Amino acid sequence: MIPLRLKIETDATEPYVVRLRSFEGFSEDAREAGSFDAVLDHAIGESAVFSGAGTTLRVFGIDPSDVNGDVLFVVPRRGTAHRLIRANSRHNTLLVTERCDQLCLMCSQPPKKQHVDMFPFFQTAVLLSPKNATIGLSGGEPTLFKSDLLGFLERMLSARPDVNFHVLTNAQHFDRDDLDKLLRLDLNRVLWGVPVYSSDPDIHDRIVAKPGAFDQVREGLSLLCEVGAKIELRTVLMKPNAPGLPDLARLVTTALPFVDKWAIMQLENIGYGRQNWDSLFFDSSKDFDVVGKALDLAISRGIDAMLYNFPLCTLPADYRALAPSTISDWKRTYVSECTGCGLRDACGGFFEWHPKAHGYERFGVA
Ligand code: SF4
């Protein structure tokens with residue numbers, strides 16, 4: 001797994017954001033470094049020393065060429081640095097908060113009470129990010145800090161016209177007072193990922209453990225539609241909602257036809273998803289019918305429906321083109337059966353933490 005947290009030593013005392021520049025021996029490049037850049041001074045064994053941004057930083061366990069352009073959040077007192085932006089990755093997500101107002105049965109990152117405002121650090125990180133980056137904002141529930149979030153988006157969209165954002169939100173905290181703020185954003189460059197699990201309000205509310213959530217998300221989606229926001233509906237496939245997937249497809253095509261995308265997603269075996277695995281994991285390789293029906297219905301009515309996190313060989317061949325490789329590079333793995341598989345280049349494989357006994361009855365390419 002690609003490490004997102006690195007061991008460091010620094011002479012700084014307060015947390016700071018820095019971009020690493022690995023130009024050992026190339027003083028001209030070093031002269032171009034900005035005030036938030038730390039340039040490689042030397043590497044010894046498994047550590048590399050960077051100078052700049054007013055500090056010296058030793059980073060352990062990395063090859064300097066692998067971190068060139070990465071943006072780190074350095075926490076001196078803990079001796080750690082978080083790779084907020086990896087320059088060579090398409091999968092950079094900033095965690096806005098660990099607080100959440102839901103308690104989803106399959107939550108991969110169970111909520112915590114404490115919150116630290118990271119927006120000032122994220123602002124620097126976005127300004128230092130590579131050209132044309134797409135940056136994820138997630139939680140917890142980022143819109144619990146709606147005013148900060150919308151202000152941050154407005155500033156960053158203006159300061160970096162090349163950068164796009166993908167915001168994961170339950171969309172339940174928007175109200176009409178937010179319309180002006182939303183309309184000030186360049187909404188073509190923000191995709192709002194909004195989970196909807198069922199067309200049955202009771203099932204949706206039970207999955208997210210919040211009474212009234214279904215009605216609230218419908219209102220939030222209406223507001224996002226009103227301002228012309230780009231929306232990616234997200235539905236994690238599980239035993240409780242799998243039978244109703246065709247009904248959800250009907251709801252999407254009739255009541256939510258304005259969405260840009262509908263992603264049906266396989267379950268992640270971490271957090272509550274791991275605790276509740278046996279009661280939640282739906283073997284779509286064995287019972288693909290409900291998924292196929294939902295996809296056919298949605299696509300026939302013009303919805304861009306996709307499958308996320310499905311190993312390609314677990315899908316009927318006709319549906320594989322709908323399943324791009326979506327698992328982030330740092331948490332993607334393959335199992336022993338994948339060796340020599342002809343689909344591997346296009347296949348997103350598994351989450352690193354998926355059980356070795358993967359649970360798919362139909363697996364591998366015949
Ligand atoms: S065998 Fe592995 S690489 Fe091949 S399609 Fe299945 S999961 Fe993907």
Quick check on region 244-259. Is at least one of its residues more than 27 Å from Val167 (Cβ to Cβ), within 15 Å of the ligand (Cβ to nearest atom) and more than 22 Å from the chain's Cα centre (by Cα)? no
From the list Gly364, Gly340, which one is in the same structural domain as Ile231 (by TED's automatic domain parsing) and either surrounded by 17 or more Cβ atoms within 10 Å (Cβ to Cβ) or over 17 Å from Met1 (Cα atoms) (or both)? Gly340
Kindly provide the set of residues from region 34-64 that are of a type in the set (Asp, Glu) and in a loop (DSSP other than H, G, I, E, B), ordered by number. Glu46, Asp63
When region 45-81 is examined, which residues are found to be free of Cβ contacts under 8 Å to residues at least 40 places away in the same chain, surrounded by 20 or more Cβ atoms within 10 Å (Cβ to Cβ) and touching a Phe, Trp or Tyr at 6+ places or on another chain (Cβ under 7 Å)? Ala53
Index of the failed condition, Ser285 passing every other in (1) within 16 Å of the ligand (Cβ to nearest atom); (2) free of Cβ contacts under 8 Å to residues at least 40 places away in the same chain; (3) over 20 Å from the mean Cα position of the chain (by Cα): (2)
Only one of Ala255, Ala209 that is at positive phi and modelled with pLDDT of 95 or more: Ala209
Which numbered condition in (1) more than 11 Å from the ligand (Cβ to nearest atom); (2) in contact with a Lys or Arg (Cβ under 7 Å, 6 or more places away or on another chain); (3) modelled with pLDDT under 95 is the only one that Asp329 fails? (2)
Could you tell me which of the residues Ile85, Ile2 is crowded, with 16+ Cβ neighbours inside 10 Å, touching a residue at least 40 places away in the same chain (Cβ under 8 Å) and either out of contact with any Leu (no Cβ under 6 Å at 6 or more places or on another chain) or not assigned by TED's automatic domain parsing to the domain that holds Pro130 (or both)? Ile85
Inside region 182-215, can you point out the residues that are within 21 Å of Met265 (Cβ to Cβ), of a type in the set (S, T, N, Q) and under 23 Å from the mean Cα position of the chain (by Cα)? Ser198
Asp345: within 14 Å of the ligand (Cβ to nearest atom), in the same structural domain as Ile207 (by TED's automatic domain parsing), assigned to a loop (DSSP other than H, G, I, E, B) and open to solvent by 20 Å² or more (accessible area, probe 1.4 Å), yes or no? yes
Has region 65-77 got at least one residue that is within 30 Å of Phe282 (Cβ to Cβ) and not in a loop (DSSP other than H, G, I, E, B)? no
Among the listed residues Ala305, Ala317, Ala294, Ala323, which satisfies the condition of being within 14 Å of the ligand (Cβ to nearest atom) and open to solvent by less than 60 Å² (accessible area, probe 1.4 Å)? Ala323
Considering each of Val259, Val227 in turn, give the residue that is closer than 30 Å to Leu157 by Cβ and crowded, with 18+ Cβ neighbours inside 10 Å. Val259
Unique match (being in contact with a Phe, Trp or Tyr (Cβ under 7 Å, 6 or more places away or on another chain), assigned by TED's automatic domain parsing to the domain that holds Trp192 and farther than 28 Å from His358 by Cβ) among Ala298, Ala229: Ala229
Filter result for Pro201 (within 19 Å of Ala294 (Cα to Cα) and modelled with pLDDT of 95 or more): yes
Residues in region 137-157: is at least one touching a residue at least 60 places away in the same chain (Cβ under 8 Å), crowded, with 20+ Cβ neighbours inside 10 Å, closer than 17 Å to Pro111 by Cβ and not aliphatic (A, V, I, L, M)? no
Would region 216-227 turn up any residue that is in a helix (DSSP H, G or I) and among the β-branched types (Val, Ile, Thr)? yes
Could you tell me whether Lys356 is away from the ligand (no atom under 11 Å from the Cβ), open to solvent by less than 40 Å² (accessible area, probe 1.4 Å) and at pLDDT below 95? no
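The values are calculated or read from the model by the stated rules, or taken from the named source; none is laboratory data. The structure presented is a predicted model; accordingly, all values stated were derived computationally and were not measured. Counting neighbours? That spans all protein chains shown, and the Cβs are built from the backbone with ideal geometry, glycine included. Each accessible area value is taken on the protein alone, full model and side chains, heavy atoms only, with ligands, DNA and RNA left out. Shrake-Rupley method; radii C 1.70, N 1.55, O 1.52, S 1.80 Å.
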